[in-house]
Number of protein chains: 2
Amino acid sequence: MKAIAVEPGAGDPVVVEKPVPEPAAGEALVRTLRVGVDGTDHEVIRGAHGELPAGSDRLVLGHEAVGVVEDPNGTDLERGEVVAPTVRRPPNGTNEYFERGEPDMAPEGAYLERGIVGAHGFMAEYFTSPAETLVPVPPELAELGFLVEPISITEKALEHAQAARSTVHWEPESAIVLGNGSLGLVTLAMFEEVLDIERTYCLGKRDRPDPSIDLIDDLGGTYIDSRETSVPEIPDAHEPMDLVYEATGYAKHPFDTVEALAPNGVGALVGVPDDWSFEIDGGRLHRELVLHNKALVGTVNSNRGHFEAAVDTLASIPGWVTDDLVTGVYGLDEFERAFERNESVIKTAVEFDTR
Amino acid sequence: MKAIAVEPGAGDPVVVEKPVPEPAAGEALVRTLRVGVDGTDHEVIRGAHGELPAGSDRLVLGHEAVGVVEDPNGTDLERGEVVAPTVRRPPNGTNEYFERGEPDMAPEGAYLERGIVGAHGFMAEYFTSPAETLVPVPPELAELGFLVEPISITEKALEHAQAARSTVHWEPESAIVLGNGSLGLVTLAMFEEVLDIERTYCLGKRDRPDPSIDLIDDLGGTYIDSRETSVPEIPDAHEPMDLVYEATGYAKHPFDTVEALAPNGVGALVGVPDDWSFEIDGGRLHRELVLHNKALVGTVNSNRGHFEAAVDTLASIPGWVTDDLVTGVYGLDEFERAFERNESVIKTAVEFDTR
């Protein structure tokens, strides 16, 4: 079978030939439909994040997959069922995090991530995966099923943010997404179409005309150009935010978020920056956190429950949103286009099977 | 009646003569037993925090009170009932925060604080207060009832910290209190005696022999001298912490806390610093928050529910702990001693009535 693999930091992804994998006991064989591309893939490609599988000099990419069960192999799955695979796997045997269904809470060293850390991804014509990692997707969502993984990241982040406010009355009326990439935009869509937040904002640094700004407009959100309005200026320029969702990985954003938040607000952080030292008025931020009951919550990855929630969310996002969000789906013969990045690209996927 | 008042920033507290207050409809008249002194009082005295009541040039101090209902004035309270008053009051009429029982979540401008912000405190022979702000204290705890307010601060902070972890498996085995003042020590006692956390630590910067270090030892906690081990060094020197409770108001601590936390840990912040700019490796801290699912939760003040929880907590803290914690209770004739600060002082109170 064909797979898309990369030697991290040493060039572009290429198509390689690999044997169709044999499912072990408890695993099913899945025929891949589509696999999404995101910023993490680009970090893996440039060698800035992730780890090769033991003994491999190339990593099969892809952690946002949807496929069809080809061989249930004695599991409870059914042949023909559409499924999206979760990403983390235990490094050897299992451990407490996986045992209690919280692989997303496992610390470094206690997990592999398919397509990212120490395990091949899903960008291949077939993959195998334990039945419990394969989350059913309604057949009518099969073409968009590669969005379940990114949505699940936001499901987790919002779950944790809401938990941090669960002991008080908290109904966010204003919310901002920092970042107008695909994860930011899908999160904005969730704010508008699923959570029904009254006033939503999205921060970016692009000029109109731009498809991401068009989508922000069409969703009913307010676009904020970070070159004109910095995050700490947002309360004065617009309003303080009950909820901030940081999806850029810009190192200063968590600290800026404390200033952008309304009293009793919460900032959910999912972006991953590199080291960067800079000065902050830490006294003022500390005081703001305390005197206005603010919270910052970092979250990474997601578990099966978040995937299940993401399937429901995907079903409730209007078709025009996903039509605008997905700017390209490319077959294996032109898979390189799925990795191109320019201002007309929002979200892309590689298509493995069109049957 | 006699009251203890101060002209903020202009000298020491003095005894003043005031009329016994008349309870308004819905208020009870309370005969004061004891009122505790804490760091906030000292900040009010030096004019660094708080606000005079409208039209007053002096503020009656005191926000940690216990008293006896002298005149229920038609409320559901009974004469002779021991009560501890909550601290926040609505600035005029009421507002949504007070209406839903969450005065502690009110932003600046939406509350007064008795003895601190715009309202006289409880350091007087009598005070009046709305019945719903008076929380019953069992008579056998009357002498220690001034500890209900500080304990309620920790009840709220821990409630919020636990809420932030409520969506995942989280049973803290290691916890540290930053600060060996009275609030820090009472929180350490709660970690040990109420929450049964396996390994507890307390950070200070004092030399032995010292009564606060003795109390840490006796509680079974480990004393960490911040002059020898900085907060970011704690994971290597001891272990990463599942829970950090910041009670010093040292501006750098929230940022240091991110480094001291174990994966999936939470830092609860209750201290209030002044402005202070300094450099941090914000990229690394941001990444740590995200990749290890860490959270920071600021909380201030407390509501009636936290006072009720604090009464239960006070009842379950062993007598030897409160004996060691309360280093001095002084009558009106020597009330100045309750405001003295030196290394033999942990917690003091002024006694108004010994009947």
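All of the numbers you see were taken from the coordinates with simple rules; none came from a lab. Everything numeric here is computed off the predicted structure, so don't read it as measured data. So basically every Cβ, Gly included, is an ideal-geometry build from the backbone, and we count neighbours across all protein chains shown.
Just a few scattered comments:
- With label points defined 7 Å past Cα in the direction of Cβ, position A:LEU291 shows copy-to-copy spacings of 3.5 nm, given to one decimal and shortest first.
- Largest GNM mean-square fluctuation across A:VAL135, A:VAL272, A:VAL168, computed for chain A with C-alpha springs under 10 Å, falls on A:VAL168.
- Going from the fewest other Cβ atoms within 10 Å to the most, the residues A:LEU269, B:LEU77 appear in the order B:LEU77, A:LEU269.
- The mean number of Cβ atoms from other chains found within 10 Å of a Cβ in peptide A:154-166 is 4, as a whole number.
- More than 48 Å apart - percent of Cα-Cα pairs taken over the protein assembly as shown: 25
- Rg and Dmax of chain B, Cα atoms only, in Å: 20.2, 60
- Loop trypsin sites (Lys or Arg not before Pro), segment B:138-211 (other Cβ atoms within 10 Å of the site Cβ: 14 or fewer; DSSP): B:LYS205
- Shielding by partners - mean other protein chain Cβ count within 10 Å, residues of A:294-307: 5
- Under 19 Å from A:LYS347, Cα to Cα: lysines that are on another chain or at least 8 residues apart: A:LYS205
- Cross-link partners of B:LYS156 among lysines, defined as those whose alpha carbon lies under 16 angstrom from its own and excluding same-chain residues fewer than eight positions apart: A:LYS294.
- Residue-wise HN-Hα coupling along segment B:128-134, computed from phi with Karplus coefficients 6.51, -1.76, 1.60 (Hz; x: Gly, Pro): 10, 6, x, 3, 6, 8, 9
- Between segment B:213-286 and segment B:293-355, the alpha-carbon center distance in angstrom: 23
- In nanometers and ordered shortest first, the copy-to-copy spacing of the B:ARG206 label point, defined 7 Å from Cα toward Cβ, is 5.9.
- Helix axis angle, B:282-291 relative to chain B longest principal axis, alpha carbon, degrees: 90
- Mean residue ellipticity at 222 nm, helices only, the protein assembly as shown: -7000 deg cm²/dmol; runs of at least 4 DSSP H residues each add -39,500 (n - 2.57), and the sum is divided by the number of residues.
- Compactness of segment B:152-298 as Cα Rg over 2.2 N^0.38 Å, two decimals: 0.97
- For residues of B:86-95, the mean tally of beta carbons on other chains within 10 Å: 0
- Between the amide H of B:THR222 and those of B:THR200, B:TYR201, B:CYS202, distances stay under 5 Å, these residues lying 5 or more places away or on another chain, with hydrogens modeled in the peptide plane.
- Label distances, nm, B:ARG46 versus same residue in remaining copies, Cβ-directed 7 Å point: 4.8
- Part-to-part distance (alpha-carbon centres) for segment B:148-204 and segment A:1-68, which is given in Å: 44
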